[in-house]
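Accompanying notes for the structure given below.
Throughout, read-outs are computed from the coordinates displayed, never taken from laboratory work. Fair warning: this is a prediction, and the values are worked out from it, not measured in the lab. Cβ sites come from the backbone with ideal geometry, for glycine too, and all protein chains shown count toward neighbours.
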Amino acid sequence: MSEASLAAVTRVRQALAEAGITARVMELPASTHTSVEAAQAVGCAVEQIAKSVVFRRADTGGAVLVVLRGVDRVDTKALAAHVGSRIERATPEFVRDATGFVIGGVPPLAHTTAVEVIVDGGLLQYREVWAAAGTPNAVFAADPRQLMSLGTRLRVAEPLSAPRTG
């Protein structure tokens, strides 16, 4: 593992500990870049993957991170209504600059800048979900209710997602 990757995973471990979240962080030889790859690597259903998708607010230019089930896609109209701003897809460079992590490794915490994090309520049906832990090969397992309780994070009563079709 490179020095940068090790630092990213360490930052996630520290943030989990500081948040009081008991989580198993695993660094895997296989890629966990996609939800399907992550589910295969840890032996869970794709629905239990807490996928991170980053958007850019049109009004402030700030980052919005939506954490949702691996089988879902973000309903961008519902997200825009929820945050009160038009949203745009984030470029890989924007994701890295805003979160400090590369696409495929963005966790729901430990970001290098203030990121608005929204955890989709659809994850609450599971006892355990798996989220990225800083690199495309690192994941952690946690109770989704713990993710919902992260300090300034927003809680979502109605899902901002729709099942992926086709």
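Details
- A simple packing score, the average count of other Cβ atoms within 10 Å per residue, orders the peptides 56-66, 42-52 as 42-52, 56-66, with the highest score first.
- The range 28-121, relative contact order in percent, only Cα pairs under 8 angstrom and at least six apart counted: 28 percent
- For the chain, with +1 on Lys and Arg beta carbons and -1 on Asp and Glu, the positive-most of ILE103, LEU6, ALA50 along the dipole: ALA50
- Cβ-based net charge around ASP143, under 12 Å, with every Lys or Arg adding one and every Asp or Glu removing one: +2
- Remark: the chain carries a charge dipole of roughly 200 debye about the Cα centre, counting +1 on each Lys and Arg Cβ and -1 on each Asp and Glu Cβ.
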